[in-house]
1. Candidates (1) 1.16; (2) 1.25; (3) 1.07; which is the computed Cα Rg over 2.2 N^0.38 Å?
2. Going highest first, how would you order 276-283, 149-156 by mean Cβ packing within 10 Å?
3. Say the cut-off is 24 Å between C-alpha atoms; which of Lys303/Lys439; Lys234/Lys504; Lys63/Lys213 go over it?
4. Subtracting the Cα-Cα distance from 0.36 nm times the residue separation, let me have the gained length for Asn446 to Asn156 in nm, one decimal.
5. To the nearest Å, what is the center-to-center distance of segment 145-168 and segment 9-67, using C-alpha atoms only?
6. Quote the FRET efficiency, to the nearest 0.05, computed for Arg297 versus Asp214 with a Förster distance R0 of 45 Å and r equal to the Cβ-Cβ distance.
7. Counting only protein heavy atoms, what percent of the accessible surface of segment 212-346 is carbon or sulfur at a 1.4 Å probe?
8. Sorted by packing (mean other beta-carbon atoms within 10 Å per residue), highest first, where do 496-508, 459-471, 174-186 land?
Amino acid sequence: MNNYVNNGIEWLVNGGLTDALSEIFNTIHRDDQYEMVRNGHFRRVLKYTNSHESYYIKHYKAKGSIDRFKSLFAQSKAKREWNQGFLLLKNGFHTAEPVAMGETRSCGILRDCYIISKTIPNSIAVKALLLELIKTPAGVIQKKEVLRNLILFVKNMHDAGILHGELHAENILVDVNDFALFYLIDIGRARCGKKTTLPARKKELSRLLYSIKDVCTNDEIIELARCYGTFDPKEILESVGATKYRIWRSRAGKCLKKNNIFTIIKKGGYRINMRAEWDADTLLALIEKHNDSLRDRRENVIKNSHKTGITLVFCPDEKIKGVCVKEYRYPALLKRGVYSLIHSPARKAWFAAHGLLALKLLTPQPIALCESRKYGILEKSFLVTENASGNLPCNQYVTEKLNRAHGKPVFRKKRRFVSSLAESFRKLHDLGVYHADLKANNILVNELPDAWNFYYLDLDRVYFNGRITRDERIRNLSQINASMPDCLTYTDRLRFYRAYMKGKKINNADKEIIRGIIKASIARKHLWPPQAKVLK
């Protein structure tokens, strides 16, 4: 090991100082010299390549005063990853070879740290490999081999007393010429000890299995759990579910915190949660245009009631052509007091939008949440989202595009549409999402070639329950049923229910549910003539 100082950075180098390392040390602050792999607020990953070799450079920044204070007593992230890399190699496990580690400190307080490692040739992330293999019949056979080798590798790693700390299929590389040769990367949280506890093993195994769940069947996941041993497969499946919720909660919750994606500032009398790429002055200007539109009753006003004001605002200076500004008003003093202490409807909608996106469900991209308070009491809120007005509300789409007046050419299209909409509802409920106001005009339809995307709106009463009850299913299905125009026939509506139930034959229990849907639809002043006698 050798020590060097360059541009205020103290470097520890494994071996001698090569020409490549000298060039990196001299140009580390010049992004134009590198390929940007990741550009986060507190971590960047760069790639350096010359004619002979290539390296990855990770640059960590101290997050704040607490992190800086901790750096007086604890190792930096780069130093931990440096040490863990050598420990893994010493224990016979492959990883990217650490080449150099650098730190910038002032009076012992860390400001930045860097770790440089060699790239791993002829390798691919396990997740990327699995996605490629499932495309061909021959690949499906190879996939089984890769999965078995992977789980045996993880078992061997745990038996050796090694925990990765963030084990998923993108943090494990596999040699493209040898599907039994794996490399661990992003090892900053790894721990090398004499023994790994069962809870730690279970948590790490569940995280790995969750990361490949979308490319594996339930039977394959169970078989992998059996191959690992130690745990009951049902227990592992439950743990995978808990991991899914934990990861979802973390991703959705980012919108309420300051990080590399979102920022929180106070300006112009507002507390603003917004995406980091947006500017506060621009958002405040959009809100001002919104207020002007409502006052002057312009054509871009969508809704204006004592509780809500909605406008579409053009913004020529941004990447998107326009935004939708929804204003939440709180005329009742009691509700203003309550919403000052708990999440307001606007804040609930802001979180719900990101919760849906984290579950890979569609809703217009949320941009910012602006809240105005006076003496600590909430006055009004604004939710700014991407303008999705180019898509039609579901009831309007059906009336205009699938009406009987269009004749036989739309018949098959209508059948496919009904099935697609039902599948979207099933996915929503299977993911444990309950939308308390799931009417047709709260769903936007984006027509694609031979397919449809469905965007959910009005999200302040969306709940992530984990399990949807029978009554909640009936309520949601009756809402969409009652709000659809009568050009959808009774047969179409039964077809919708069958598609929602994955095409299974309607039994007595289903008939009871359908009766409940019809009864609830009638109570909601339905738009179609029900025929309950069919189900007697």
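The values are calculated or read from the model by the stated rules, or taken from the named source; none is laboratory data. The shown structure was predicted, so the numbers you read here are calculated from the model rather than taken from an experiment. Positions of Cβ are generated from backbone atoms using ideal geometry, with glycine treated the same way; all protein chains shown enter the neighbour counts. All accessible areas refer to the heavy atoms of the entire protein, side chains included, with ligands and DNA or RNA removed. Shrake-Rupley method; radii C 1.70, N 1.55, O 1.52, S 1.80 Å.
1. (1)
2. On the way: 276-283: 14.9, 149-156: 18.1.
Ranking, from highest mean packing down: 149-156, 276-283.
3. Working: Lys303/Lys439 17 Å; Lys234/Lys504 26 Å; Lys63/Lys213 33 Å.
Pairs exceeding 24 Å: Lys234/Lys504; Lys63/Lys213.
4. On the way: separation 290, 0.36 × 290 = 104.40 nm, distance 4.84 nm.
Full extension of this stretch gives 99.6 nm more.
5. 29 Å
6. Details: r = 48 Å, r/R0 = 1.07.
The computed FRET efficiency comes out at 0.40.
7. On the way: 4150 of 7870 Å².
The computed percentage sits at 53.
8. Details: 496-508: 13.6, 459-471: 15.2, 174-186: 16.8.
Ranked by mean Cβ neighbours within 10 Å, highest first: 174-186, 459-471, 496-508.
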